[in-house]
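Laboratory data are not the source of any read-out in this text; all were calculated from the coordinates shown. As the structure is a computational prediction, the values presented were derived from the model and not from experiment. So basically every Cβ, Gly included, is an ideal-geometry build from the backbone, and we count neighbours across all protein chains shown.
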Amino acid sequence: MGANTILTPAIINQAAGLAELAERWRRQGDEIALVPTMGALHEGHLSLVRAARNAAGRVIVSIFVNPTQFGPHEDLAKYPRTLDHDLELLRPLGVDAIFTPDENELYPPGFSTFVQPPDLSVLWEGAIRSTHFRGVTTIVLKLLLLSRATITFFGQKDFQQAAVVRRMLIDLNVGCALRVLPTVREPDGLAMSSRNRYLSADDRRRATALYRVLTNAQQALASGERDGHALAAEMNQALIDAGFDSVDYAVACDPETLQMADPIRLPVVLLVAARIGGTRLIDNLLFEGP
């Protein structure tokens with residue numbers, strides 16, 4: 001086989017099939033990396049896949065729009081589903097298996113067992129979306145069990161999600177490492193997200209303020225700002241002034257507990273979630289010091 005040969009990944013849609021393949025790899029001594037996604041892939045996802053390819057002998061990418069992490073009035077029905085395009089993006093990356101189950105495969109009739117997420121899940125995203133992290137932790141644990149993964153990759157854009165998953169892995173003694181990679185951004189700073197495609201041209205232009213507000217707050221921290229409530233108020237007002245319709249939260253938090261920091265002690269993470277033109281966007285910046 002030539003050095004430049006690209007292997008065709010196995011496309012698996014049954015849980016039992018994935019578990020059987022992964023168990024065979026584990027018996028062979030292969031390290032397995034899992035990149036869980038909901039599809040509508042972009043460069044942020046692909047950066048995780050490349051890192052997984054460098055870290056493990058086998059790479060599994062899951063593509064599954066998980067219904068249990070959506071609330072009753074959220075965008076489950078219209079969430080972008082672009083499986084054919086996703087497969088084309090993944091084929092050149094040396095992925096070993098792509099798991100594309102339907103809903104009944106992972107949530108069969110009678111399903112009623114969920115993971116109780118850790119305490120930090122009730123803050124911020126959890127306060128706005130009350131059952132969101134129950135769905136996230138449940139599907140992530142199911143995917144890790146099926147894939148027999150020894151390492152899994154998440155993006156920093158969903159900072160609280162990564163923190164919740166990390167806590168779950170520790171608390172439940174799951175033998176899987178978590179690696180969180182930096183947020184991948186568009187040239188104008190907007191964090192790559194599958195939901196960006198919802199934005200109109202005007203909303204897309206105004207959405208760049210999200211990153212600008214974060215970088216301005218980071219500059220304030222570098223200049224010595226340590227009043228958490230004052231910084232939060234400034235970020236909130238700046239987002240409204242920039243044309244966002246509403247702000248769910250814009251805060252400076254302890255990166256481990258996600259409690260609001262006031263006074264601010266470093267390191268600190270700036271978390272924002274705001275709505276523009278009917279689309280909800282989230283972003284963050286981790287500031288460790290000058």
| For the chain, with only Lys/Arg (+1) and Asp/Glu (-1) charged at the beta-carbon, what is the dipole magnitude about the Cα centre, in debye rounded to 20? | 560
| task | For the range 10-181, just say rounded, prolate or oblate: build the C-alpha gyration tensor, square-root its eigenvalues into a ≥ b ≥ c, call rounded for a/c under 1.5, and beyond that prolate if a/b exceeds b/c, oblate if not. | result | rounded
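Counting only C-alpha contacts under 8 Å and six or more residues apart, can you give the relative contact order of the range 9-122 as a whole percent?
On the way: 140 pairs, mean separation 41.3, N = 114.
For the range 9-122, the relative contact order is 36 percent.
Local charge sum around residue 13 (other residues, Cβ-Cβ under 12 Å, Lys/Arg +1, Asp/Glu -1)? Could the numbers behind the result be given before it?
Numbers: positive: none; negative: 102, 103, 105.
Computed value for this residue: -3.
With Cβ to Cβ distances under 12 Å as the rule, what net charge do the other residues near residue 271 carry (K, R +1; D, E -1)? Write out the running numbers ahead of the final one.
Working: positive: 157; negative: 125, 158, 248, 254, 283.
Around residue 271, the surrounding residues sum to -4.
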| request: Go ahead and collect, in residue order, the members of the range 195-224 whose backbone nitrogen is under 18 Å from a label point 7 Å along the Cα-Cβ direction of residue 230. | output: 216-224
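Would you mind calculating the relative contact order of the range 194-285 from Cα pairs under 8 angstrom and at least 6 residues apart, reporting the percent as a whole number?
Computed value for the range 194-285: 30 percent relative contact order.
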| remark: Relative contact order as a percentage, the chain, C-alpha pairs under 8 Å and 6+ apart, gives 17
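Scan the range 1-105 for trypsin sites (Lys or Arg not before Pro) in coil per DSSP, keeping those whose Cβ has at most 15 other Cβ atoms within 10 Å, and list them by number.
Filter output for the range 1-105: 78, 81.
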| request: Please work out the Kirkwood hydrodynamic radius for the range 8-51, using every pair of different C-alpha atoms, and report it in angstroms with one decimal place. | output: 12.2
| query | With labels modelled as points extended 7 Å from the Cα through the Cβ direction, what inter-label distance (nm, one decimal) is found for residue 10 paired with residue 30? | reply | 0.7
| remark: The extension gain from residue 102 to residue 177, computed as 0.36 nm times the residue separation minus the Cα-Cα distance, is 24.3 nm
| field | Centroid-to-centroid separation of the range 2-69 and the range 182-238 [C-alpha atoms, Å] | value | 32
| query | Based on the alpha carbon coordinates of the range 182-290, what radius of gyration and maximum Cα-Cα distance (Dmax) apply, in Å? | reply | 13.4, 39
| In nm, spacing of pseudo-spin labels at residue 242 and residue 73 (7 Å Cα→C-beta vector) | 2.6
| query | Considering the dipole of the range 10-181 built from charges on the beta carbon (Lys and Arg +1, Asp and Glu -1) around the Cα centre, which of 33, 128, 55 is farthest to its positive end? | reply | 55
| query | Which angle from 0 to 90°, rounded to the nearest 10, does the C-alpha axis of helix 15-27 make with the longest principal axis of the chain? | reply | 80
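Tell me the net charge near residue 219. Cut-off is 11 Å between Cβ atoms, residue 219 excluded, with +1 for each Lys or Arg and -1 for each Asp or Glu.
Details: positive: 212; negative: 225.
The answer is 0.
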